[in-house]
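Written out below as structure tokens is the structure these notes cover.
The values are calculated or read from the model by the stated rules, or taken from the named source; none is laboratory data. Not measured: the values here are computed from a predicted model. A quick note on method: Cβ atoms are made from the backbone with ideal geometry, for glycine too, and the neighbour counts reach across all protein chains shown.
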Amino acid sequence: MGQPVQYKTLQRVHDPGDCHELTFSCFQRLPLLNETRLALLAECLTNALRICDLNLVAFVFMPEHVHLIVYPENPAKPQISRFLKALKQPVSQQVRNRLIGEKDPLINRLTLKRRTGKLEFHFWQQGPGYDRNLNSVDAVLAAIDYVHLNPVRRGLCTRPEDWLWSSAAHYADVTAPKDKRLPPIHGLPGTFLF
């Protein structure tokens, strides 16, 4: 007889003034974020930031996962769980509707039957993803570098600022006009600018 399965639980901890590094993946880490879905994700991110009073410090969208560094406008009242729901749910719903409308066979791969017999669509990997508090300038800057280097490490580009779906160009101060589809970058919060 085997041991009972122990599941990890994520306890979200927030100290006022912390940035949050968030990472979450597409279902089964499938590369579901194509150009159209990346634009949709960026639009939903902009809306979720506004709804939840969060500022975007940095981001990178990869084909199968997302990295975000966010900072609450009201440090005493972070809304990370609400933010993730406000971001992920509309993306999932709109992708599902498009797949059904286009009769795309991908809908079958992303729709699972639960034990109850009910069909359930999965665009995002279940679970809360990764959430790490960043409470120092060094931690935030290291996280920004890590996030921006993702496409380079993967071989998708040679320089971080060459990856469109990232805030790296914002930090590199590239003079080329910014793509209007990208979410607004608020930069480092004032508490980190000593």
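Points to keep in mind about this one:
- Complete set of residues in region 42-100 that are over 21 Å from Arg29 (Cα atoms), part of a helix (DSSP H, G or I) and of a type in the set (Lys, Arg): Arg50, Arg82
- Condition check for Phe24: touching a helix residue (DSSP H, G or I) at 6+ places or on another chain (Cβ under 6 Å) and surrounded by 14 or more Cβ atoms within 10 Å (Cβ to Cβ): no
- Test result for Ile107, surrounded by 15 or more Cβ atoms within 10 Å (Cβ to Cβ) and touching a strand residue (DSSP E or B) at 6+ places or on another chain (Cβ under 7 Å): no
- Within region 157-177, considering residues that are loosely packed, with under 15 Cβ neighbours inside 10 Å and among the aliphatic types (A, V, I, L, M), the one nearest to Val66 (Cα to Cα): Ala172
- Qualifying residue in region 47-62 (condition: acidic (Asp, Glu) and farther than 18 Å from Asp131 by Cβ): no
- Filter result for Val66 (closer than 18 Å to Asp131 by Cβ, out of contact with any His (no Cβ under 6 Å at 6 or more places or on another chain), without any contact (Cβ under 8 Å) to a residue 60 or more places away in the chain and of a type in the set (Val, Ile, Thr)): yes
- Looking only at residues in region 111-152 that are charged (D, E, K, R) and in a strand (DSSP E or B), the one that is surrounded by the fewest Cβ atoms within 10 Å (Cβ to Cβ) is Lys113.
- Qualifying positions in region 153-186 - charged (D, E, K, R) and not in a loop (DSSP other than H, G, I, E, B): Arg153, Arg154, Glu161, Asp162
- Search result, residues across region 126-158 that are at pLDDT below 95 and either of a type in the set (Gly, Ala, Ser) or more than 22 Å from Asp18 (Cα to Cα) (or both): Gln126, Gly127, Gly129, Ser136, Ala139
- Being closer than 23 Å to Leu54 by Cα and either crowded, with 16+ Cβ neighbours inside 10 Å or of a type in the set (D, E, K, R) (or both) is a property that holds for Arg181.
- Scanning region 44-98 for residues that are hydroxyl-bearing (Ser, Thr, Tyr) and modelled with pLDDT under 95, we see that the one that is surrounded by the most Cβ atoms within 10 Å (Cβ to Cβ) is Tyr71.
- Scanning region 101-110 for residues that are out of contact with any Leu (no Cβ under 6 Å at 6 or more places or on another chain) and either in a helix (DSSP H, G or I) or small (Gly, Ala, Ser) (or both) yields Gly101, Asn108, Arg109, Leu110.
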